[in-house]
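The structure appears below as structure tokens.
The values are calculated or read from the model by the stated rules, or taken from the named source; none is laboratory data. Just so we're clear, the structure is a prediction, and the values are computed from it rather than from any experiment. Note: ideal-geometry Cβ built from the backbone for every residue, glycine included; neighbour counts use all protein chains shown. Note: areas computed on protein heavy atoms with side chains; ligands, DNA, RNA excluded. Shrake-Rupley method; radii C 1.70, N 1.55, O 1.52, S 1.80 Å.
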Amino acid sequence: MRQAAPLANAAGLVAGYALDRLLGDPRRWHPVAGYGRAAGALERRLYRPNRGAGAAFTALAVGAPVLLGVAATAATRRRPIARAALVAAGTWTVLGGRTLRHEAEVMGRALHDGDLPAARQRLSHLCGRDPSSLDEPELARATVESVAENTSDAVVAPLIWGAVAGLPGLLGYRAANTLDAMVGHRSPRYARFGTPAARLDDLLNLVPARLTGLLTVAVAPHADGDRERAWRVWRRDRNDHPSPNAGQCEAAMAGALGVRLGGRNVYFGRSEVRPFLGDGPRPEAQHLARTARISGAVGLLALTLAAAYPLTAGRLLSTAGRRVLHTLPRAVRRAGGPTVARPAPFGPVRDGRAGGSPAATGGRAVAGRGWRR
């Protein structure tokens, strides 16, 4: 049964990825949208302009999905098929790879046709920048940067956390990432309240973002890119970005495409100047199809790693953990630490004598426990 659980998790990740690849996001009744509405209602009740209130909000809003995932995992402990089905459904729910690539392709067609009004209107599907004054290179740049970052947020990171922590990891990561998109930006309302959600999202993406950068370098030739240039740009520019994670993805994408990203970003009511990443010309419409191809290839590689983890490194770590737990009581006894009393042969011990009933101990028993920029 212990061997069935890792296999069920791996099969669920593969099946969920296949569903996203074939169907994309549900058009109606999307669970993440429902979660966002519930989190918004909770925010309205807990909001205070300080980090303490933001920490309480983040703990509740992320903790609830994690506990739901833990309960579902426990309920399917001896039902590997049900476990695989739940992981597949959760994976499909939290992934957004197909939708991300579709938006890049739609934007590319609009820019290729010279339809700037349509392209500006479409940009809101990818990020929160003000598109009213953006020309083709700036619209293309915004698309490339958003696809690069969200390849980590919407594809690689959910798969990695699903591999490491199963259904609780999938749901917990998506909850944290959704909260970051809701309250993690630097507006007057959320400057302090949203900090805990933003920091949690940064922490959860530290490894996935760097893995996304490395995978982008690896698949650069798949989109007619130069792997050596991508590696050079990634190593040189990845830490120049103000975000601890976004620069990892964007620098690698800039190097893979041979373009220059960064510059002035205008949001509604504020602007930010980002350092340049990469060398070469500004992105154009022709680069967006290549961006989508790189994103898709990175997703497939991430799926391969995620599906292999529960059956390889995950199983080894689990086995090692169980051995450590089994040897701890013995090591404590050898060191002269407290020992656990063995039950008397004829019932619980009462006043130093064997015998009696559970009522004599108060009826108690000790049980072992064996998408945005």
In whole angstrom, the spacing between the Cα centers of region 216-293 and region 29-89 equals 33 Å
Rounded, prolate or oblate: which fits region 145-272 when a ≥ b ≥ c are the square roots of the eigenvalues of the alpha-carbon gyration tensor, with rounded for a/c under 1.5 and prolate only if a/b beats b/c?
oblate
Rolling a 1.4 Å sphere over the protein heavy atoms, what is the accessible area per residue of region 106-258, to the nearest Å²?
38 Å²
Need one word for region 44-131: rounded, prolate or oblate. Basis is the Cα gyration tensor (sqrt eigenvalues a ≥ b ≥ c); a/c below 1.5 gives rounded, then a/b vs b/c decides.
oblate
By the gyration tensor of its Cα atoms, with a ≥ b ≥ c the square roots of the eigenvalues, what is the shape of region 141-212: rounded for a/c under 1.5, prolate for a/b over b/c, or oblate?
oblate
Provide the per-residue ³J(HN,Hα) series for region 282-289, in order, calculated from phi with Karplus coefficients 6.51, -1.76, 1.60 and θ = phi - 60°, each as a whole number of Hz, with x at glycine and proline positions.
6, x, 10, 4, 5, 7, 6, 5
What fraction of the Cα pairs in region 83-235, stated in percent, has a spacing above 20 angstrom?
58 percent
Dividing the convex hull volume of the alpha carbon atoms of region 204-274 by its residue count, what do you get in Å³ per residue?
92 Å³
Net lengthening on full extension, I81/L60 (0.36 nm per residue, minus Cα-Cα)
4.5 nm
Of all trypsin sites (Lys or Arg not before Pro) in region 78-120, which ones are in loop regions per DSSP and have a Cβ with at most 14 other Cβ atoms within 10 Å?
R78
Name the trypsin sites (Lys or Arg not before Pro) in region 185-281 that are in a loop by DSSP and that have at most 15 other C-beta atoms within 10 Å, would you?
R186, R189, R192
Sticking with the crude label model, points 7 Å out along Cα→Cβ, report the distance from L7 to F268 in nm, one decimal please.
5.1 nm
The ³J(HN,Hα) series, computed from each phi in region 127-141 with the Karplus coefficients 6.51, -1.76 and 1.60 at θ = phi - 60°, rounded to the nearest Hz and given as x for glycine or proline, is 7, x, 7, 7, x, 4, 10, 7, 9, 4, x, 6, 5, 5, 4
Region 228-235 - phi-based ³J(HN,Hα) in whole Hz, Karplus 6.51/-1.76/1.60, Gly and Pro as x
5, 5, 4, 5, 5, 5, 4, 5
